[in-house]
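Here's the structure we're looking at; comments come further down.
The values are calculated or read from the model by the stated rules, or taken from the named source; none is laboratory data. In this text, all values refer to a predicted model and were calculated from it rather than measured experimentally. We place every Cβ from the backbone using ideal geometry, glycine too, and count neighbours over all the protein chains shown.
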Amino acid sequence: MRATLLRYGSVFAVIAILLLGVVAYQLRATADDELPRVQLNANNIGPRQIEDLTSKSVPRDYALAWQTMEQALNQNQPGLLDGYFTGFAKQDLTQRVNSQIKSGLHTRYTDRGHQLDALFYSPAGDAMELRDHAQVDIQVLDGDKVIYDQPVTAEYMVLMTPGADRWLVRQLQAVNGTKP
Amino acid sequence: MRTLRTVAFIFLAAGSLAASEIHPPAQATAGKAITIQTSGSGDATFYLIGPAIASKSKVQAGSDISVDSDELQQAGRYIAILCASDGCTSADFFVTPAAANRLSFLVHPSRVPVGTANGISAVAFVHDNFQNLVLKPEPVTFSIMPNNEKPVSATRPSQNGVAWVRLTSARKEGPTKLGASIGHADEIRVVEQVAADACNLRIKADREKKDFEIETDPVHDCAGNPVPDGTVVSFTESDSAGKTTVDVPIKRGIAKIDMPIDGRAKITVASGVVTGNELEVSGQ
């Protein structure tokens, strides 16, 4: 009787572990696909006033830019940067991904949100400068081994320019940062 | 004596087992090499993660690590990681932009009517030699170099890496150069100043066999600049049968049209929002 209980118990434990593994994998996949939370404050923007539509599209496209950047750095796929990056930002990030591939590294982000302050909107509406107060957890992995794991609060200066149907990140430069 | 030897041995053993540490400078300048100090001993792996780099190299813990200038060209946050037999240790540091020496200069529009108040905007983004945005205030000199006239310049300090001005276009048509300079950077853009809307639009009519030839005087804007060829002028004929409008582009400074007119008719002319004189003609 005790032996049967033990046998059924161990089978149940194996199934539970497998189920938990599947759930954990699914949760990670969902986190990868989840759009980072971005809040835009355009109260101090100038000299041009932000249009209603632009005030919606800038945070949306910035969130999508971060999402694709995080995926590109995690999966080492530079092609993912094509959608929402251009100019120096795309050039630097592509170089970073290629460098990661060469070194066998990848970077995993857990995005805890962005507070975006719009600072400058050019009179012709062709460039916007913003300051991002970002909170992310960064893990650097060499193969499967975690070599760095830190929560980071960082400030970025961001330059965005309008493309055909979206705003693109042209410059993304960390200017300050602390570990909380 | 024996106790002393034991204590010394413990200290030595503790020293050799001390955890590896890494000490990059708190701040570095873009494009300048640095040395990172480490402690510990034995074989180790050094990783440098930055905005455009993720490198990995074998080092000896406890020795200094040299990071080349070309690995530190992008301003931003860098992570230095040292992994030895006792685990991994890391430290963050920032690379700040080098001296301002480049500009991204945006001028809008490329064609502007003469005499348009604040019609031209010029925006300069200040960069260093490695295209990093230089955030500390820097004086940017904007200049206007009209044809056959003295250049005029004004200096504006950059704020968060951006300086900008708004300018009124000149009274005379033609190309004008706009410049922005900082350090060794001197960027120039050309804006074409074109005639504004037509002014004092006037027409005259001549009988040509059965038809009337309606022709404008040379079309100018209010500053006397000829309105460019291709600008549309609308001629409207109103008679007892109704109204007929014909759009004609200006050719060689004037717009003209042959109109068949029966009986009495009024002819008016307009270009854009500007209207001209009215003629009364009488056909056969």
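Numerical summary
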| read-out | value |
| --- | --- |
| Matching residues in segment B:231-284 - criterion: being of a type in the set (Gly, Ala, Ser) and assigned to a strand (DSSP E or B) | B:234, B:238, B:242, B:265, B:270, B:271, B:276, B:282 |
| Neighbours by Cβ (under 6 Å, 6+ apart or cross-chain): first from segment B:222-250, within 19 Å of residue B:195 (Cβ to Cβ) and assigned by TED's automatic domain parsing to the domain that holds residue B:204; second assigned to a strand (DSSP E or B) and of a type in the set (Ser, Thr, Tyr) | B:233/B:271; B:234/B:245; B:247/B:234 |
| Options B:142, B:212: the member that is aromatic (Phe, Trp, Tyr), under 28 Å from residue B:277 (Cβ atoms) and touching a strand residue (DSSP E or B) at 6+ places or on another chain (Cβ under 9 Å) | B:212 |
| Residue B:66 more than 14 Å from every other protein chain (Cβ to nearest Cβ), over 35 Å from the mean Cα position of the chain (by Cα) and outside any loop (DSSP other than H, G, I, E, B) | yes |
| Of all residues in segment A:92-137 being under 30 Å from residue A:51 (Cα atoms) and part of a loop (DSSP other than H, G, I, E, B), the one that is farthest from the other protein chains (Cβ to nearest Cβ) | A:125 |
| In segment B:261-276, residue nearest to residue B:203 (Cα to Cα) [restricted to those that are surrounded by 14 or more Cβ atoms within 10 Å (Cβ to Cβ) and free of Cβ contacts under 8 Å to residues at least 60 places away in the same chain] | B:268 |
| Close pairs from segment B:21-38: first touching a residue at least 60 places away in the same chain (Cβ under 8 Å), partner among the acidic types (Asp, Glu) and buried (at least 20 other Cβ atoms within 10 Å of the Cβ), Cβ under 7 Å, at least 6 apart | B:30/B:128 |
| Hey, residue B:102 surrounded by fewer than 17 Cβ atoms within 10 Å (Cβ to Cβ), touching a residue at least 24 places away in the same chain (Cβ under 8 Å), more than 9 Å from chain A (Cβ to nearest Cβ) and within 17 Å of the chain's Cα centre (by Cα) or not | no |
| Every residue from segment B:148-191 that is away from every other protein chain (no Cβ under 14 Å), over 14 Å from residue B:105 (Cα atoms) and in a strand (DSSP E or B) | B:152, B:153, B:154, B:155, B:174, B:175, B:176 |
| Residues of segment B:118-147 that turn out to be in a loop (DSSP other than H, G, I, E, B) and either within 18 Å of the chain's Cα centre (by Cα) or modelled with pLDDT of 90 or more (or both), as a count | 12 |
